[in-house]
Structures are given as structure tokens and as C-alpha cells.
Amino acid sequence: MNEPWRPVGAAAPVARLIEELHRLPGIGPKGAQRLAYHLLRAPREEACALAEAIVEVKDRIRLCSVCQNTTDVDPCQLCSDPARDRSVVCVVEEPLDILAIERTRGHKGLYHVLHGAISPADGIGAEQLKIRELLARLRDGSVREIIMATNPNLEGEATTLYLSRLLQPLGLRLTRLARGLPVGGDLEYADDLTLARALENRQEL
Ligand SMILES: [Zn+2]
């Protein structure tokens, strides 16, 4: 999140809009000003559609009670799709990672979103992740393989290591994405082909 910053020379409501836009990731002061004046000039319907889309996301989106992905229906579309292989669960850090893996078309199973990764530096421990929910899913024995698809960085590695130790006694097949993804990056930024190969050549843990 950007630092608070107060625009000078704009009417108070415009300044407020600029300030709100500037809070968004990747939006600098000039970008926020341009967007605000664009919205000011845009037809009322266009600006209202944006405002309504934001409110709808905040009001209607919650977490799937099965996979913890963001959804407007529970269970989510993926979890209730009869064509998906329910015996394979791919574990990811964030909902955006599901979009990245779906783009590869290489995974026909289900997902589980942890909503973060273990990071002692940021004070994030295993108990803050959706691990209890994952263990609950594994109780009925229908899941036979867990694919760990955490980000290729320190936090992702720590999370994969922690979960592999936790899941080892359950007698499941435990795999992870093959190495070769850009180290230090996020899964969502990996190119589709590299990610598809990492999924196809996944390794036993
Ligand atoms: Zn789901």
C-alpha cells in the first residue's frame, strides 16, 4: 500500500478520489490524478458501474467452505464441477495462483488456498493459514494426491516443507512443482508454458 499523500489544487471530493486511488497497489500520485480526472470526465454510468463492481465484490464474495477460494456461491464453481478429479488437490498460497494454474490447463483436480505462506519475518505462522481446513478435507480418504504449488521463494519453501511433514503420515502421494520456475517470484507471474511444465514434471516429496 502507498503512503498517504494529499493532492493540492483539487476540489475536496476530487482530492478524496485521488487519495483513494493512490492507496491501490501500483498506482502512484500521477496515475491516481489521471484516473480521478478520467472518472470525472467519464459518463456517469461508466463511473457508477466501476463503483458498483467494487461494492459487489465486497458484499458478495466470500470463501468457499471447501477449498477457501474466493467465490459468490458455496461450494465454489470448481469444487462443484462434476468433471474435476476429486482425488487430486493442488495447494496454492493465493486465489490468483488458481488462475495461473488454470491457464496451463494441466490440472484437472481441485484446489486448496492457504491464504498466505509461513513467514517468521512477517509474523505469519502455520496457524494463520487455512491448514486446519485442508486436514479436514483429507479425513474421508477420497484425496489421493496433494500437489504443493507454493511460490518459488523462501516462504513458499518453508510452507511446502511444513505441510509435507504434516501430511507424510497420512499415506498420500505428495508432490511439488518441478524446479525451473523463476526463483523469488510469484506463481502468478510465471509464464504459462513454464508453469505447465513444472506441473507436468512434478516431483515426489
Ligand atoms: Zn471451492
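The values are calculated or read from the model by the stated rules, or taken from the named source; none is laboratory data. Owing to the predicted nature of the structure, the values given are computational and were not obtained by experimental measurement. For neighbour counting, all protein chains shown are included, and Cβ atoms are generated from backbone atoms with ideal geometry for every residue, glycine included. These area figures cover heavy atoms from the full protein model, side chains too; ligands, DNA and RNA do not enter into them. Shrake-Rupley method; radii C 1.70, N 1.55, O 1.52, S 1.80 Å.
Condition check: open to solvent by less than 70 Å² (accessible area, probe 1.4 Å), away from the ligand (no atom under 16 Å from the Cβ) and either modelled with pLDDT under 95 or part of a helix (DSSP H, G or I) (or both). Does ALA121 satisfy that? When the stated conditions are applied, ALA121 does not pass them. Quick check, is VAL57 open to solvent by 70 Å² or more (accessible area, probe 1.4 Å) and within 29 Å of the chain's Cα centre (by Cα)? Judged against the criteria, VAL57 is a match. Exactly one residue out of LEU166, LEU181, LEU174, LEU138 is more than 16 Å from the chain's Cα centre (by Cα), open to solvent by 50 Å² or more (accessible area, probe 1.4 Å) and aliphatic (A, V, I, L, M): that is LEU166. For GLU52, are the conditions met, namely being open to solvent by 50 Å² or more (accessible area, probe 1.4 Å) and at pLDDT 95 or above? Yes: the conditions hold for GLU52.
Considering only helices (runs of 4 or more DSSP H) fully contained in the stretch 1-107, which possess at least 2 residues that are free of Cβ contacts under 8 Å to residues at least 40 places away in the same chain and within 13 Å of the ligand (Cβ to nearest atom)? If you could, list the steps in order and put the result at the bottom.
On the way: elements: 12-22, 29-41, 44-60, 95-104.
The helices (runs of 4 or more DSSP H) meeting that bar are 95-104.
Within the stretch 179-203, the set of residues being among the small types (Gly, Ala, Ser) and modelled with pLDDT of 90 or more comprises ALA196, ALA198.
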